[in-house]
1. So how many residues does the range 688-725 have that are under 30 Å from L867 (Cβ atoms) and either touching a residue at least 60 places away in the same chain (Cβ under 8 Å) or among the charged types (D, E, K, R) (or both)?
2. Can F527 be described as of a type in the set (F, W, Y), under 22 Å from E745 (Cα atoms) and either at pLDDT 85 or above or outside any helix (DSSP H, G or I) (or both)?
3. Counting just the residues of the range 471-504 that are among the polar types (S, T, N, Q) and part of a helix (DSSP H, G or I), which one comes out surrounded by the fewest Cβ atoms within 10 Å (Cβ to Cβ)?
4. Hey, among L571, L509, which residue is on the phi < 0 side of the Ramachandran plot, open to solvent by less than 10 Å² (accessible area, probe 1.4 Å), touching a His at 6+ places or on another chain (Cβ under 8 Å) and not in a loop (DSSP other than H, G, I, E, B)?
5. Would you say S329 is open to solvent by 20 Å² or more (accessible area, probe 1.4 Å), touching a Leu at 6+ places or on another chain (Cβ under 8 Å), at pLDDT below 75 and within 25 Å of Q410 (Cβ to Cβ)?
6. Based on this model, can you work out whether E554 counts as part of a loop (DSSP other than H, G, I, E, B) and either of a type in the set (D, E, K, R) or in contact with a Gly (Cβ under 8 Å, 6 or more places away or on another chain) (or both)?
7. When the residues of the range 374-392 are filtered to those that are open to solvent by less than 20 Å² (accessible area, probe 1.4 Å) and not in a strand (DSSP E or B), which remaining residue is modelled with the highest pLDDT?
8. For the list (1) touching a residue at least 40 places away in the same chain (Cβ under 8 Å); (2) over 21 Å from I270 (Cα atoms); (3) open to solvent by 60 Å² or more (accessible area, probe 1.4 Å), I need the number of the one condition that S370 fails.
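The values are calculated or read from the model by the stated rules, or taken from the named source; none is laboratory data. It should be emphasised that the depicted structure is a prediction, and the values quoted were computed from it without experimental measurement. Cβ placement follows ideal geometry from the backbone for every residue including glycine, while neighbour counts extend to all protein chains displayed. Surface areas here come from the heavy atoms of the whole protein model, side chains and all, with no ligands, DNA or RNA. Shrake-Rupley method; radii C 1.70, N 1.55, O 1.52, S 1.80 Å.
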Amino acid sequence: MLSGRSVKILIIEDSANDAELIAKQVTKGGIDCAFHRVETEEALRGALAEFDPDIVLSDFSLPQFDGPRVLDVVVAERPDLPFIFVSGTIGEVRAIDAMKRGATDYVLKTNLARLAPAIDRALREASVRNARRQAEEMLRDNERRLRDIVETSQDWIWELDAGGCFTFSSRSVEGILGFTPAELLGRDFRSFLHESDRDGAEGRLPAAPGESVSGVIARWRRKDGSWRWLERNAVALSGPNAELAGFRGTDRDITERRAQQIRITRLSRIHAMLSSINSAIVRIRDRDEMLAEACRIAVERGGYARAATHLLDPGRMTLKTVACAGLDSPALADAQISTLQEPGEEYLSMAALAVQSNEAVVCNDLAKDSQPVLQRRDLLELRLRSVIVLPLIVDGTAVGVLSLYAREAQIFDASERNVLSELAGNISFALQYFQKEDAVQFLSYFDPLTGLAKRTLFCERLGRLMQQADAEQRSVAVLAFDLERLGAINDSFGRHVGDRLLELIADRLRDRFPDTQRLAYLDGGSFAVAFTGLTDASTEGPELRDRVHELIREPIQIESHEIRVSARFGLACSPDDGDTGEMLVSNAEGARNHAKNADETYVHYALKLNTGVAERMVLERKLVRALELGEFVLHYQPIVHLDHGGISSVEALLRWQDPERGLVMPGEFIPTLESMRLIVEVGKWAMQQASRDCQHWRSHGFPDMRVAVNVSALQIRRREFADSVLEIVSGWRQGLCGLDLEITESMLMQDVQGCVRTLQQLREAGVRFAIDDFGTGYSSLAHLFKLPVDSLKIDRSFIAGVVGDPGSMTIVRTIITLAKEFHMTAIAEGVETVEQLELLRIMKCEMAQGYLFARPMPGEKLLNKLLARRGKKLDSAFKVETEAKVESEEEVESDS
């Protein structure tokens with residue numbers, strides 16, 4: 001019987017006395033019940049809906065309508081409802097017929113003692129039927145849900161028999177390989193693998209029942225003949241007798257991910273090629289030898305299958321091959337290409353087009369593109385698929401072309417073309433001086449060791465850059481820096497090691513700053529970098545210093561020596577610090593020299609250099625006092641989820657509440673804290689305070705709130721760093737740690753193995769990690785994949801240029817894709833405009849922070865805003881109103 005409530009019994013009976021006898025008999029039988037009597041069909045239908053009975057008791061003979069009609073109505077309306085005839089007139093034949101039509105039982109009025117047991121049995125049987133029906137419905141739901149998952153999954157789900165033939169395939173295979181599931185059934189999976197991947201194909205499946213494999217990668221043939229890279233996870237199935245019955249698994253299409261990794265590797269290789277060719281340009285005095293060396297380097301270091309240079313014979317207006325490396329054929333080697341359009345010709349060749357237009361010409365698929373390509377058949381026979389032809393221009397006129405060929409199609413994208421255009425420009429510059437037979441003059445412009453511009457050329461370029469910047473009302477800054485201990489390195493390891501160090505530093509600068517016209521080598525271990533667009537040198541200058549410093553202080557391996565270098569920096573900005581290129585360079589060097597004399601890491605020329613040491617001592621005393629008196633404070637900037645506008649984390653940003661000056665931004669005191677090594681104590685205090693504030697917010701109804709704190713290189717290098725962090729998070733309840741740490745990628749790369757151990761230890765305690773300013777340092781994807789990192793923070797410099805700058809957009813999209821592939825969260829920093837926000841949403845960036853949402857604010861103010869806006873979208877709740885701009889206008893983020 002139904003437990004916990006009365007059994008509701010509907011009685012269809014024209015006699016009230018008989019109904020009362022039935023009710024008494026049921027109650028006498030120990031059944032707690034409620035009764036409702038009807039005697040018409042209309043009342044019956046209403047009672048079924050409103051009274052909602054658990055069982056129906058009906059007389060067989062009624063004046064209004066008979067028992068069979070009652071049974072028909074109940075079966076039609078409530079087919080699972082128990083039904084018992086209680087009658088004195090029903091015969092055995094009629095009773096059997098009623099049971100066949102849906103009645104549960106029948107009881108004679110002359111034997112009502114059997115009624116209560118019959119009701120109890122009927123209710124129990126109904127309960128069992130209902131339970132069985134619900135279980136069957138649940139099973140059908142589960143089967144439907146599983147079928148929906150299989151059919152909607154982007155991954156390909158499949159099953160194989162023990163021999164490796166397909167017995168099942170999800171429909172997603174159509175989007176991945178182009179085959180329908182039916183076309184796969186019964187076919188051996190090995191027949192779809194690339195021939196290079198068939199060897200050891202058994203290793204792509206588990207060996208024994210219950211075993212599994214994961215992360216197995218292979219190339220699969222599509223129906224159209226193309227190839228896709230798939231990553232497999234599979235398990236071996238066990239039969240009734242524990243024998244191998246088959247395999248079940250999934251394959252994920254990782255073609256795009258591999259292509260991005262290959263693209264990044266390729267660009268790195270091309271930058272190295274550019275550096276090597278630049279060195280050859282300034283080293284080799286013979287034109288043809290230089291061009292041959294350039295072709296050789298393009299093949300060996302750039303990875304191109306073929307490279308060739310053709311120079312123009314002005315009298316005949318034909319291009320003749322003067323240098324070639326890599327794949328070749330007699331037809332290609334002897335080719336002379338006309339640059340004139342002959343009568344009746346429908347088109348010019350790619351080389352002729354490049355010469356006539358002074359622009360690069362690209363064919364990204366020799367087999368399919370309609371671009372005019374001479375000797376296309378010869379190139380295809382060499383299995384070449386793409387080609388770029390770059391004009392070599394002297395005094396505004398093309399004097400030849402550099403042609404580069406690749407085995408792969410779709411190689412020459414915008415990023416690669418930009419680097420190659422710079423290469424063609426450098427070769428053109430060399431040709432200009434070769435033509436004038438004045439190699440001495442050429443060498444006077446470039447340093448032969450680093451391949452970078454010398455002072456004279458750099459100052460000329462600065463002058464042109466300053467003219468352009470003045471027209472656009474922008475400033476130009478020169479950051480000069482001097483490598484320390486270069487003499488000691490030469491003395492200890494030999495001059496050749498010091499020279500190689502300078503070459504590698506120059507290579508790193510070119511990798512970070514692809515526009516090499518903004519780089520210079522000023523001799524004696526001194527370099528210079530030009531920047532444009534600074535708005536506040538006092539805060540942005542240290543950021544520029546940090547970008548370059550992180551780049552050069554990464555360990556450098558030369559022969560068997562691991563060399564670490566540091567530098568002193570000086571900054572000068574136009575127009576305040578000089579209105580010519582010579583003045584900017586000279587004043588930047590003067591600031592750098594003052595930094596060396598005053599034992600500073602960095603000095604801005606605009607500061608009063610003659611009082612710099614005294615001011616530094618005053619600042620150091622104030623900072624010591626600030627730590628002792630608790631003058632440091634934390635402001636918090638929300639990190640917003642872009643899909644729904646919510647917030648579950650904030651970044652803690654350090655401020656100094658100076659009693660004399662008020663709130664001081666970190667760019668003014670962080671470098672001094674680092675030079676004093678006081679940053680270790682301040683950093684520990686920041687983690688402690690941020691943890692306390694986060695626990696406070698959680699206690700006010702935000703249980704998932706997390707707080708991110710920046711960690712300096714000095715902190716993470718200390719042996720006790722992990723122990724100090726574990727001590728801080730020990731105050732959190734088990735499993736509820738809300739502390740995130742932000743570390744720069746260059747810092748991680750300095751000691752990958754040590755960092756992995758430290759980060760893994762802290763991660764087990766609930767600490768999460770983000771790589772800050774990602775994209776501005778150097779990191780290996782192989783190492784990045786191994787790091788226990790949760791988030792990649794896209795540097796604000798890329799976000800600032802994402803609208804209108806294809807390069808920045810490509811970088812941002814690449815970082816977001818990398819984050820997704822490595823199962824990390826991408827966080828965009830410095831979002832200030834709606835246009836930036838919309839682009840980030842289109843590119844599927846998950847989280848962002850910046851002035852568009854909120855400026856950094858004290859912890860209590862943040863809590864008040866959270867409480868006031870609870871339940872509302874926070875990407876609008878935290879926007880700073882136009883009329884509410886406060887002194888934080890000056891907070892150009894240089895927080896670290």
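1. Residues meeting the conditions: 13.
2. Working: of a type in the set (F, W, Y): yes; under 22 Å from E745 (Cα atoms): no; either at pLDDT 85 or above or outside any helix (DSSP H, G or I) (or both): yes.
So F527 does not fit the description; no.
3. In the first step, residues of the range 471-504 are kept if they are among the polar types (S, T, N, Q); the result is 473, 475, 490, 492.
Narrowing further to those that are part of a helix (DSSP H, G or I): 490, 492.
Numbers: N490: 16, S492: 12.
Ranking the qualifying residues of the range 471-504, first place goes to S492.
4. Details: L509 fails: touching a His at 6+ places or on another chain (Cβ under 8 Å).
Result: L571 is the single residue among L571, L509 that is on the phi < 0 side of the Ramachandran plot, open to solvent by less than 10 Å² (accessible area, probe 1.4 Å), touching a His at 6+ places or on another chain (Cβ under 8 Å) and not in a loop (DSSP other than H, G, I, E, B).
5. Numbers: open to solvent by 20 Å² or more (accessible area, probe 1.4 Å): yes; touching a Leu at 6+ places or on another chain (Cβ under 8 Å): yes; at pLDDT below 75: yes; within 25 Å of Q410 (Cβ to Cβ): yes.
Yes: the conditions hold for S329.
6. Values: part of a loop (DSSP other than H, G, I, E, B): yes; either of a type in the set (D, E, K, R) or in contact with a Gly (Cβ under 8 Å, 6 or more places away or on another chain) (or both): yes.
So E554 passes the test.
7. From the range 374-392, those open to solvent by less than 20 Å² (accessible area, probe 1.4 Å) are 379, 384, 386-392; that's our starting set.
Applying the additional criterion that residues be not in a strand (DSSP E or B) yields 379, 384.
Details: L379: 82, L384: 87.
Ranking the candidates gives L384 first.
8. The failed condition is (1).
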